[in-house]
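Report on one structure; see the data block that follows.
The values are calculated or read from the model by the stated rules, or taken from the named source; none is laboratory data. Here the structure is a predicted model, which is why all the values come from computation and not from measurement. Note: ideal-geometry Cβ built from the backbone for every residue, glycine included; neighbour counts use all protein chains shown. These accessible areas exclude ligands, DNA and RNA; they are computed on the full protein's heavy atoms, side chains included. Shrake-Rupley method; radii C 1.70, N 1.55, O 1.52, S 1.80 Å.
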Amino acid sequence: QIKLMESGGGSVQAGGSLRLSCVASPDTYRYMAWFRQAPGKEREGVAVIASTGGTKYADSVTGRFTISRDSAENTLYLQMNSLKPDDTAMYYCAASAGRSSWTIALREGIYEYWGQGTQVTVSS
């Protein structure tokens, strides 16, 4: 079973940057993704990367966030630039070994494995 552990969260001012990391062991996945959940809101997909390298992003983060992976280190990253207060949330790493379509790769329900989350707080 895949084990995931996120790190890199913290508090930054608007316009700042953070880099989140997620160590996956073993690195067995079809999709790996970042989700986030703010208090009182539903969990939403932020970014996903396929085992083939393809990526997609939520409209709200496109152009500001970049998802990447280091296969050798079994590590997933989320580089977050130009952070906004609306980005404040608990960020979760997720992995799927299923056969879900790429068209729904940012849907929470397809992910079997989840990390504990890392908090990102962006102040105005």
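Tabulated values for the structure
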item: Residue ID - surrounded by the most Cβ atoms within 10 Å (Cβ to Cβ), chosen from residues in segment 35-50 that are small (Gly, Ala, Ser) and more than 11 Å from the chain's Cα centre (by Cα); result: Ala50
item: Near pairs, Cβ below 8 angstrom, 6+ apart or cross-chain, from segment 23-34 (open to solvent by 50 Å² or more (accessible area, probe 1.4 Å)) to any residue that is of a type in the set (Val, Ile, Thr) and at pLDDT below 95; result: Val23/Thr75; Ser25/Ile2; Pro26/Ile2; Thr28/Ile2
item: Selection count, segment 83-111, where residues are farther than 14 Å from Glu6 by Cβ and surrounded by 14 or more Cβ atoms within 10 Å (Cβ to Cβ); result: 12
item: Residue check, Met5 open to solvent by 20 Å² or more (accessible area, probe 1.4 Å), hydrophobic (A, V, I, L, M, F, W, C) and either at negative phi or in contact with a His (Cβ under 7 Å, 6 or more places away or on another chain) (or both); result: yes
item: Residue within segment 62-81 that is in contact (Cβ under 8 Å) with a residue 24 or more places away in the chain, exposed (fewer than 14 other Cβ atoms within 10 Å of the Cβ) and farther than 16 Å from Glu112 by Cβ present; result: yes
item: Residue list for segment 112-121, filter: surrounded by fewer than 20 Cβ atoms within 10 Å (Cβ to Cβ) and not in a strand (DSSP E or B); result: Glu112, Gln116, Gly117
